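Participant: Quick one: structure below, then a few questions.
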Amino acid sequence: MSLSRREFLQMLAVASAAGINLGTAQAGSSNQKVASSVKANSASSNMYEVPKTGNVHILHYTDCHAQLNPVYFREPSVNLGIGSMKGNPPHLVGEAFLKHFGVKPNTPGAHAYTYLDFAEAAEKYGKVGGFAHLRTLVKHMKDQRPGALLLDGGDTWQGSASALWTDAQEMIEAQKLLGSDIFTSHWEATYTAERMMEGIQELEDNGLDFVAQNVFDNMWGERVFKPYVIREMNGHKVAFIGQAFPYTPIANPSWMVSDWSFGIRDEEMQKTVDKARGEGAEAVIVLSHNGMDVDIKMASQVTGIDAIMGGHTHDAVPQPTVVSNKSGKTLVCNSGSNSKFLSVLDLDIKNGKVADYNYTMLPVFSNFIEPDAEMQSFIDNSRKRKITLDNERIYGKRNGESFVMEERLNKVLAKTDSLLYRRGNFTGTWDQVICDALIEQTDSDMSFSPGVRWGTSLVPGSDITYEDMMTECALTYPNVTVNEFTGEQIKGILEDVCDNIFNKDPYYQQGGDMVRVGGLKYAVEPNGTIGNRISEMEFNGKPVDPKKKYRVAGWASVADPDNIPGDTGVRIWDLMEDYLTDKKVISNVQPNEPKLKGVKGNPGLNPEYGNVT
């Protein structure tokens with residue numbers, strides 16, 4: 001049974017009175033004013049009342065992936081750290097996470113930050129996120145903190161059907177209404193460089209600053225975007241430097257940004273920090289889409305950064321990681337995904353430098369925050385738009401179709417008796433459904449599905465709507481492929497992807513989780529060396545023959561659209577719609593988990609993982 005609002009708030013009040021930290025969502029004192037839009041009991045303790053400290057105030061959200069309405073989102077049960085990353089944030093899951101951060105079990109914080117008892121806790125606490133609820137919280141924090149700025153860490157335009165169908169316009173309008181102040185990017189580039197530039201111009205015309213120090217024009221070697229801005233807040237100058245996802249042309253189609261080069265560019269970052277300091281910046285904040293491990297390494301090498309507000313890896317980390325370097329210390333913060341969290345960083349600047357800070361990460365429980373009326377009206381009206389699909393490369397046979405978005409989004413394709421989720425190093429139940437569909441619908445031996453981290457969750461007993469299905473596959477290069485690969489080639493593909501994830505040098509980790517695999521059993525040694533991590537590959541109970549060819553289905557090829565190997569012409573959402581409507585009920589989904597070697601006892605691994613040594 002779900003908690004009533006009264007029961008939920010009574011629990012918060014009791015927990016606060018007992019001194020319990022609800023996942024660092026701190027309660028305020030009884031004499032604080034409680035915003036009418038944030039539901040509270042008469043007792044006064046409220047997880048969304050964060051005492052203001054300092055004189056510079058930064059709000060941060062990231063990786064919302066175009067989820068305008070509240071969602072369910074299960075945090076990973078496998079997030080392995082290897083080498084120096086083992087046992088350190090963000091590579092902690094479940095009870096190890098709770099212990100490290102001092103979060104009590106069976107609390108809202110435990111549900112927000114971990115996978116533990118997810119379906120039961122989701123029923124109790126409800127959905128998370130939603131731009132109408134997030135806007136209420138942002139406005140509340142800005143009211144408490146004059147001059148506060150909202151940072152958007154990117155991956156904002158992509159991840160929903162409606163964002164795709166409107167060519168990102170829906171999310172551009174939502175960003176303006178939310179009140180975002182500074183922005184950087186990753187998946188925004190998958191709408192093509194031209195469209196990205198158009199959208200950024202519209203946002204900047206509305207007063208938002210887009211920053212990215214690490215994107216350069218290939219011909220002239222000049223920056224494409226301004227690297228930083230300096231904003232004055234309560235009499236103090238603060239520089240905000242942008243760091244777009246450094247591997248955009250590798251993780252995503254390079255032809256979409258063929259005139260641009262990216263990269264981490266530590267030396268350029270250091271020059272940018274020094275320049276901003278030379279212009280009077282008393283604090284330097286990097287708005288990053290590197291991923292947390294990369295941010296931690298960068299913080300150890302580049303000096304003069306006070307805080308990195310990070311994204312990309314979707315890590316929800318309730319306390320900053322404090323990184324020492326040769327000139328001081330840098331806070332590394334990561335604010336989760338799907339508008340599930342809002343981070344609040346208060347800095348106290350004295351004598352031209354940061355003297356102290358306070359950091360609070362707030363889970364956005366949508367059942368207990370009143371939705372902002374203006375944003376909710378925008379979302380409701382946006383879904384009622386009639387649109388016409390107008391991009392043959394993306395939509396194929398559906399190009400030219402006209403429909404009201406809400407009617408298609410609400411179409412029920414099937415029901416699920418299983419918990420469906422994506423996030424995790426190796427697989428998820430949603431990915432398993434996709435892999436099974438690829439094999440069945442294309443009559444293939446095996447299937448590959450990209451290890452993207454975006455995609456929401458569904459609890460058992462839910463309808464699977466067209467909108468739900470599209471949250472797992474709404475991208476701009478959706479073609480389904482079927483190719484013949486030898487066993488040796490299949491191993492090579494798995495080895496390459498595995499090194500992108502488990503290279504012991506974070507600067508060689510190029511994003512995403514392990515490619516999802518259907519029809520193939522294998523073992524993996526994350527601590528192994530490049531080319532030697534994958535073993536024990538089996539198909540139909542027999543060892544994979546290195547020389548034999550196998551029929552392998554996949555989707556989301558990053559190749560040039562006119563030269564996609566094995567292109568079937570089918571779009572992934574059409575294949576999934578056919579599969580789900582045929583099945584009617586999705587039940588007993590068993591993810592194809594690889595055997596794991598050398599990671600037993602790793603705190604980034606669910607202790608109940610089935611096959612581990």
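Participant: So how tilted is helix 373-383 from the main axis of the chain? Cα-based, degrees 0 to 90, rounded to 10.
Facilitator: Around 20 degrees separate the two axes.
Participant: Would you tell me the accessible area of residue 439, worked out with a 1.4 angstrom probe on the heavy atoms of the protein chains, in Å² to the nearest 10?
Facilitator: 40 Å²
Participant: So, one more: Search the structure for amide H atoms under 5 Å from the amide H of residue 225, placed 1.01 Å from N in the peptide plane, and list their residues when 5 or more places away or on another chain.
Facilitator: Residues meeting the amide H criterion: 215.
Participant: Helix 572-583 against the longest principal axis of the chain: what's the angle in degrees, Cα atoms only, rounded to the nearest 10?
Facilitator: That works out to roughly 70 degrees.
Participant: Checking the table 549/595; 491/521; 326/350; 139/237; 99/340 against a 18 Å threshold on Cα-Cα, which pairs fail?
Facilitator: The answer is 549/595; 326/350; 139/237; 99/340.
Participant: Straight distance only, please: which aspartates and glutamates reach the Cα of residue 548 with their own Cα at less than 17 Å, same-chain residues fewer than 8 apart left out?
Facilitator: 445, 484, 488, 536, 538
Participant: Taking the Cα-to-Cβ direction at residue 600 and at residue 385 and moving 7 Å from each Cα, how far apart do the two end points lie in nm?
Facilitator: That separation, rounded to one decimal, is 5.4 nm.
Participant: Now for a separate question. Just how much of residue 111 is accessible, in Å², when a 1.4 Å probe is used and the result is rounded to the nearest 10?
Facilitator: Spelled out: residue 111, probe radius 1.4 Å, area about 10 Å².
Participant: Further question: Using 0.36 nm times the number of residues separating residue 407 and residue 267, minus their current alpha carbon distance, what extension gain do you get?
Facilitator: Roughly 45.3 nm would be gained on extension.
Participant: Counting other Cβ atoms within 10 Å of each Cβ, which trypsin sites (Lys or Arg not before Pro) in the range 283-344 have at most 11 and sit in a DSSP loop?
Facilitator: Qualifying residues, ordered by number: 326.
Participant: If you don't mind, another one. Would you mind classifying the range 137-235 by shape? Square roots of the alpha carbon gyration tensor eigenvalues, ordered a ≥ b ≥ c; an a/c under 1.5 is rounded, otherwise it is prolate if a/b is larger than b/c and oblate if not.
Facilitator: oblate
Participant: So what is the accessible area of the chain per residue, in Å², with the probe set to 1.4 Å?
Facilitator: Using a 1.4 Å probe on heavy atoms only, each residue of the chain averages 37 Å².
Participant: Also, I was wondering about something else. What's the carbon and sulfur percent of the chain's accessible surface, probe 1.4 angstrom, rounded to a whole number?
Facilitator: With neighbouring chains kept in place, the figure for the chain is 46 percent.
Participant: Computed from these coordinates, which is Rg/Rh (Cα atoms, Kirkwood Rh): (i) 0.95; (ii) 1.03; (iii) 1.22?
Facilitator: Derived directly from the coordinates: (i).
Participant: With Cβ to Cβ distances under 12 Å as the rule, what net charge do the other residues near residue 414 carry (K, R +1; D, E -1)?
Facilitator: -2
Participant: For the Cα atoms of the chain, what angle does the longest principal axis make with the long axis of helix 193-205, in degrees from 0 to 90, nearest 10?
Facilitator: Its long axis makes an angle of about 20 degrees.
Participant: Around residue 570, which amide H atoms from residues at least 5 apart in sequence, or from another chain, sit under 5 Å from its own amide H, with H modelled in the peptide plane?
Facilitator: Result for residue 570 returns 480.
The values are calculated or read from the model by the stated rules, or taken from the named source; none is laboratory data. What you are looking at is a predicted structure, and each value in this text was computed from that prediction instead of being measured. Cβ: placed from backbone, ideal geometry, glycine included. Neighbour counts: every protein chain shown. These area figures cover heavy atoms from the full protein model, side chains too; ligands, DNA and RNA do not enter into them. Shrake-Rupley method; radii C 1.70, N 1.55, O 1.52, S 1.80 Å.
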